[in-house]
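A short reminder: the numbers here are calculations on the coordinates, not readings from a lab. What you see is a predicted model, and the numbers here were worked out from it, not measured in a lab. Cβ sites come from the backbone with ideal geometry, for glycine too, and all protein chains shown count toward neighbours.
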Amino acid sequence: MNDECKIEISNEYKTKLEKISEVLNVSISKMIEIAFNEFFELVYCDTDIFLEKIGLLDNLREVINE
């Protein structure tokens, strides 16, 4: 199954994606697929980094230290 999902991005990011897509000769959808795979890998393998980047690690530490 291949569902379509639409997300809003700034014109700046859209322009950058289009330029990178052209330089690499890779479709934007393929680049997004790769980016999501990398994101999921980060969440799965480097949980601390992910939690810290989104600001949850400090919150969790505070709860544990209460």
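Counting only helical runs of four or more DSSP H residues, what would the 222 nm mean residue ellipticity of the chain come to if each run contributes -39,500 (n - 2.57) and the total is spread over all its residues? Before the final figure, lay out each step's value.
Working: 4 runs with 49 residues, N = 66.
The helix contribution divided over the chain gives -23000 deg cm²/dmol.
For the stretch 54-66, just list the computed ³J(HN,Hα) in residue order, Karplus coefficients 6.51, -1.76 and 1.60, θ = phi - 60°, integers in Hz, with x standing in for Gly and Pro.
Computed from phi, the couplings for the stretch 54-66 are 8, x, 8, 4, 4, 4, 5, 4, 4, 4, 5, 7, 5 Hz.
How many nm is it between the label spots at Asp48 and Ile20, if each spot is 7 Å from the Cα in line with the beta carbon?
Those two pseudo-labels are separated by 2.7 nm.
Show me the three semi-axes of the equivalent ellipsoid for the chain, from the C-alpha gyration tensor (sqrt of 5 times each eigenvalue), largest first, rounded to whole Å. Provide the component values of the computation, followed by the final result.
On the way: eigenvalues 206, 39, 28 Å².
Each semi-axis is the square root of five times an eigenvalue, giving 32, 14, 12 Å.
For the stretch 42-50, just list the computed ³J(HN,Hα) in residue order, Karplus coefficients 6.51, -1.76 and 1.60, θ = phi - 60°, integers in Hz, with x standing in for Gly and Pro.
4, 4, 6, 8, 10, 4, 4, 4, 4
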